[in-house]
Amino acid sequence: MIAPSDAPTKNRKATVQNITLYRDFKEDHRTSMEIYADNLTASLNDIDQSEFTFNSYRPQLGSILGHLPEKANLKMRAARYISYPDQAKNVQGNINHIMDHGYAHLMTKLDPSRTVITVHDIIPILAGRGLIHGVTDQRRARLAEWTSRFYKKAAHIIAISESTKRDLVDHCGCDERKISVIYFGINSLFKKHQNQEKEILREKLGLPTNKYLILVTGQQFYKNLSTSLRVMELLRERYGSDIVLVRLGRETDEWRNDISKNTFHNQIIQLGFLSQEQLPQLYNSVDCLLFPSWYEGFGLPPVEAMACGTPVVTSNVASLPEAAGDSAVTSAPDDVEGLADGVVRLLEDSDFRKSRISKGFLHAKQFNWKQNASRTMDVYTSSTHDKGSKTGSSQTRKL
């Protein structure tokens with residue numbers, strides 16, 4: 001929007017503001033960032049807003065970078081830290097929105113006073129400083145720390161949870177007055193499948209129809225999958241072969257090492273990848289989501305599960321109390337017995353299960369992309385004074 005002037009509004013033609021939305025490289029394979037970028041971009045374009053145009057920009061590796069070796073991740077490091085900033089400066093708009101905090105360093109070539117950044121979490125920084133309980137690998141994330149120095153240069157920061165906002169203030173020196181908390185939305189695909197029996201959905205996904213199915217997701221170090229396995233060991237003592245762990249996520253060396261050390265490995269079903277259309281089917285197929293993360297910037301799976309009518313057992317740290325509310329059964333992430341007891345109660349106490357499912361439906365309705373886009377637009381339009389645009393003759397407001 002244009003700042004007010006003394007000229008009558010009816011005699012002035014409104015200036016269209018160009019907003020560039022900076023995405024990740026396709027080769028990054030960062031699922032949560034793709035979900036955010038896809039849904040925010042679509043929802044912004046659905047808003048009837050004649051004063052703004054949106055350009056969703058996806059960086060390209062290019063032929064030169066494509067020939068660099070993969071060793072030590074050299075290709076992607078050159079792409080992220082050398083090529084992308086140069087590409088970004090050539091497409092910047094009146095307002096720029098860096099949708100992944102890992103690319104905050106684009107502000108070496110973008111005008112920070114016209115740039116908004118979304119920070120999803122600062123997990124690598126916290127883990128490297130030994131500030132996430134339960135995470136033992138404390139190697140300093142030097143590049144992440146360098147990139148984080150640009151957060152406070154931005155005109156405004158969008159944090160995806162109050163927990164992330166606190167981290168930005170406490171550990172990155174950001175001004176809380178320049179931070180807006182805007183929660184993730186939930187895609188409308190995530191809903192209860194009223195017309196399909198659970199057994200039919202299980203058959204579609206190749207899952208057993210006559211077992212208790214407990215779902216765990218993710219592969220990152222903070223997902224606490226080793227605790228999930230210990231929980232399942234306790235549950236097997238109660239249910240024997242009638243309970244199965246379904247894991248959605250890429251297999252890692254750490255995961256293979258963990259399952260080699262326990263006796264539950266023959267009751268694990270590994271699902272490497274599912275499409276956005278298949279994910280709701282999976283949530284509708286299982287009996288419970290077990291999500292004992294050590295840390296989350298938001299924690300999307302618990303809310304997705306609730307929207308599908310699947311009860312949740314999760315940890316009570318970081319942003320998860322925000323994401324799950326009082327609809328999930330919660331315990332400390334290292335409380336194996338407490339987590340196992342939560343699963344047992346959901347499986348055996350039908351009244352308790354129904355109440356958690358009902359609460360979950362209501363809780364999940366709070367998170368929608370239309371609201372996210374509307375509040376993001378408020379961030380874009382939150383300033384009031386003129387600033388000459390460096391991308392053309394139009395004026396833009398400093399954010």
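The values are calculated or read from the model by the stated rules, or taken from the named source; none is laboratory data. Computed from a predicted model, the values in this text were never measured in an experiment. In this analysis, Cβ positions are derived from the backbone assuming ideal geometry, glycine residues included, and neighbour counts consider all displayed protein chains. Just so you know, the surface numbers come from the protein's heavy atoms only, side chains and all, with ligands and any DNA or RNA stripped out. Shrake-Rupley method; radii C 1.70, N 1.55, O 1.52, S 1.80 Å.
The set of residues in segment 34-65 being of a type in the set (D, E, K, R) and either touching a Leu at 6+ places or on another chain (Cβ under 7 Å) or not in a loop (DSSP other than H, G, I, E, B) (or both) consists of Glu34, Asp38, Asp46.
Name the residue that is least open to solvent (accessible area, probe 1.4 Å), counting only residues in segment 35-53 that are in contact with a helix residue (DSSP H, G or I) (Cβ under 9 Å, 6 or more places away or on another chain) and over 23 Å from Leu300 (Cβ atoms). Ranking the qualifying residues of segment 35-53, first place goes to Phe52.
Entry remark, segment 177-216: residues being open to solvent by 60 Å² or more (accessible area, probe 1.4 Å), of a type in the set (A, V, I, L, M) and assigned to a loop (DSSP other than H, G, I, E, B) number 1 in total.
Conditions tested, residue by residue: (1) hydrophobic (A, V, I, L, M, F, W, C); (2) surrounded by fewer than 20 Cβ atoms within 10 Å (Cβ to Cβ).
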{"residue": "Glu237", "(1), (2)": "no, yes"}
{"residue": "Gly240", "(1), (2)": "no, yes"}
{"residue": "Ile268", "(1), (2)": "yes, yes"}
{"residue": "Leu290", "(1), (2)": "yes, no"}
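Out of all the residues in segment 315-337, is one or more free of Cβ contacts under 8 Å to residues at least 12 places away in the same chain and surrounded by fewer than 17 Cβ atoms within 10 Å (Cβ to Cβ)? No - not one qualifying residue is present in segment 315-337.
The lone criterion from (1) in contact with a strand residue (DSSP E or B) (Cβ under 9 Å, 6 or more places away or on another chain); (2) farther than 17 Å from Met76 by Cβ; (3) open to solvent by less than 10 Å² (accessible area, probe 1.4 Å); (4) in a helix (DSSP H, G or I) left unmet by Thr118 is number (4).
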